[in-house]
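One structure is given below, encoded as C-alpha cells.
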Amino acid sequence: MMYTAWMKILYIFILLIVLLFSVLYLGDFSVLLLLILLVLPVFLWLSIIYIKLCIDISLKSNNDSLKRNNPRKIQLIVDNNGFLPVGKAVACVICSNIMTGEKAPVYLIFPIPARNTTTIEFTITIPHCGITEISLQNLIYTDYIRLFKKKIKSNSSVSVLTLPSGKVLNYKINIPYSKSDDEGSIYSRIRSGDDPSEVYRIREYQPGDVQKRIHWKLSCRTDTVWVKEYSLPIRKKAAILIDYSFSGNYSADVIDTVLETAYTLSSALIKQEIPAAIYWFSSKTNKIVWNEIHSVSELNDCFAAILSNIPVNSSRQFIVQAADLIELHSNNAIYYCTPDYCNENIQKLNNIFRKNCIYILTADFEKRNLSGNNIVYVNEDSIEDNLKKLSEAEVKYE
C-alpha cells in the first residue's frame, strides 16, 4: 500500500537535470546542488535503518470473551525510542479463524512521533464462534520523501475468544418427567421449598412462620429465634450434548448455528431454573467432559472451554462414550446438538437413550429426508421459531 517507485523515477529525473545544469553552468552552486542530491539518498537510507532499530511493535487485547458480531477493540502499540519521527507507516494485521483457516487482512495507516509511544486502537467484528488469532504481520514505513521503504516483521499476536450471542425465547421449554422423579434427590440452589430432608437456609423468625420449623438448638444458644427454610426438590433434569464436529466439512455458518442453538437452549433452561449439564468432547483428552450450569457466567465459562478445543474429526467416539455415562442416563431430557449426523448415529442414540426423551437438533438441511418427532431442524435466523417444538405439552411417562 505504500509505493516509492514513482519517487525514484522523479529523483532520477531531477538528478539528470542537476547533472546537466552542473555541466553547462560551472560554479559552486551547481556543484553543491549536485553533491546534495548525491548524498541525500545515503542519508535517507541510514535514517530508515536507524528508525528500524528504535521501533518496537506489539498487539494488545483484553482477555474478556465477547459475543460474535459484536465490535472488539484491539490495540497496536508502537514504541519509538529514537529522535527521528515517521510521517507515515502502514501496519498489516491478519485475522485468522483457527477452525476454518479463513484469513482477513486489516491495514492501519498512522504517523509515528519521535521519542513517544503511539497506541492505535482499531475495531474488528468477528462473525464466527471460536478462537481468532490476530497477528501483526509487518510494519512498513518510508523515508521523508518516500524514496526508500523499510519493513519491520513481527511475531506479536493475540488470541480472542468469541462466544455465541444467543437468542431470547418468549416461551418455556417443557421437560418431560416420570412419576418416579417425584421424590428426587436433587434440590434447587436458588429457591426454597417444603422438603424437610434438605435445608435451604436458616433465617430469623418472622410472624407467620410455622413453629415446627424453628431451629431450637441454635435459638437456645443465641438471643434470636431462628427458623429453617427447606429446599425445593427438583424433578426435571436436562442434558445438552454438543457434538462440536467438523468431519462433514461443514461451513463455519453451520457450526455457528449449532452452537447458537445449544447456547440459546441452555440460557432458556437457566432462566426456567431447570438443572442442566452440557456434555462435550475434549480433543485434548479424547474424553467427554461435562459442566453443570446454573448461571449465565457458568454457561459462558463452559462455552469458553468448548471453543478452546479444536473440533473433533468424528462423532463416533462422542456417541460411544455417551453410552457409558451413568450421569447422562439419569437425565429426563437429552438434547443432541450436531452439524454432522447420519441415520446410523440417530438409531444408536435412540437405542442408547430409549428410557429418556431425546431430541436431535441439527442445522444440516442437506439431509431433510430424515424425519421424526425428535428431530428439530434449526436455522440461525429462526432459532426461536425452530425450538418451539420443544415447548409442546409436557409428557409424563412411567
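The values are calculated or read from the model by the stated rules, or taken from the named source; none is laboratory data. Every value quoted in this text rests on a predicted model; they were computed, and no experiment measured them. Neighbour counts are summed over all protein chains in view; Cβ atoms, including those assigned to glycine, are modelled from backbone coordinates with ideal geometry. Please note that ligands, DNA and RNA were not included when accessible areas were found on the heavy atoms of the full protein model with its side chains. Shrake-Rupley method; radii C 1.70, N 1.55, O 1.52, S 1.80 Å.
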Pick from region 30-81, criterion of a type in the set (D, E) and open to solvent by 80 Å² or more (accessible area, probe 1.4 Å), ranking: nearest to I14 (Cα to Cα): D56
A careful count of residues in region 329-365 that are part of a strand (DSSP E or B) and more than 17 Å from I288 (Cβ to Cβ) gives 6
Options N62, N69: the member that is without any contact (Cβ under 8 Å) to a residue 12 or more places away in the chain and either within 30 Å of C302 (Cβ to Cβ) or touching a helix residue (DSSP H, G or I) at 6+ places or on another chain (Cβ under 9 Å) (or both): N62
Test set (1) open to solvent by 40 Å² or more (accessible area, probe 1.4 Å); (2) modelled with pLDDT under 85; (3) of a type in the set (D, E, K, R) - D385 fails condition number: (2)
Looking only at region 85-114, which residues are part of a loop (DSSP other than H, G, I, E, B) and surrounded by fewer than 17 Cβ atoms within 10 Å (Cβ to Cβ)? P85, I98, T100, G101, E102, P113, A114
Anything in region 114-131 that is more than 30 Å from K52 (Cβ to Cβ) and either hydroxyl-bearing (S, T, Y) or out of contact with any helix residue (DSSP H, G or I) (no Cβ under 6 Å at 6 or more places or on another chain) (or both)? List them, or say none. T125, I126, P127, I131
For region 329-358, enumerate the residues that are among the hydroxyl-bearing types (S, T, Y) and buried (at least 20 other Cβ atoms within 10 Å of the Cβ). Y335, Y336, T338, Y341
L218 is checked against (1) out of contact with any Asp or Glu (no Cβ under 8 Å at 6 or more places or on another chain); (2) modelled with pLDDT of 80 or more and fails just one. What number does that condition carry? (2)
Go through (1) without any contact (Cβ under 8 Å) to a residue 40 or more places away in the chain; (2) in contact with a Gly (Cβ under 8 Å, 6 or more places away or on another chain) for I51 and report which single condition fails. (1)
Looking only at strands (runs of 3 or more DSSP E) that lie completely in region 235-328, which have at least 3 residues being modelled with pLDDT of 85 or more and buried (at least 23 other Cβ atoms within 10 Å of the Cβ)? 238-242, 276-282
Need pairs with beta-carbon distance below 8 Å; first residue over 16 Å from D243 (Cβ atoms) and within region 281-293, second open to solvent by 50 Å² or more (accessible area, probe 1.4 Å) and outside any strand (DSSP E or B); sequence gap 6+ or separate chains. E292/E298
Among the residues in region 129-141, are any out of contact with any His (no Cβ under 7 Å at 6 or more places or on another chain), open to solvent by 50 Å² or more (accessible area, probe 1.4 Å) and modelled with pLDDT under 90? no
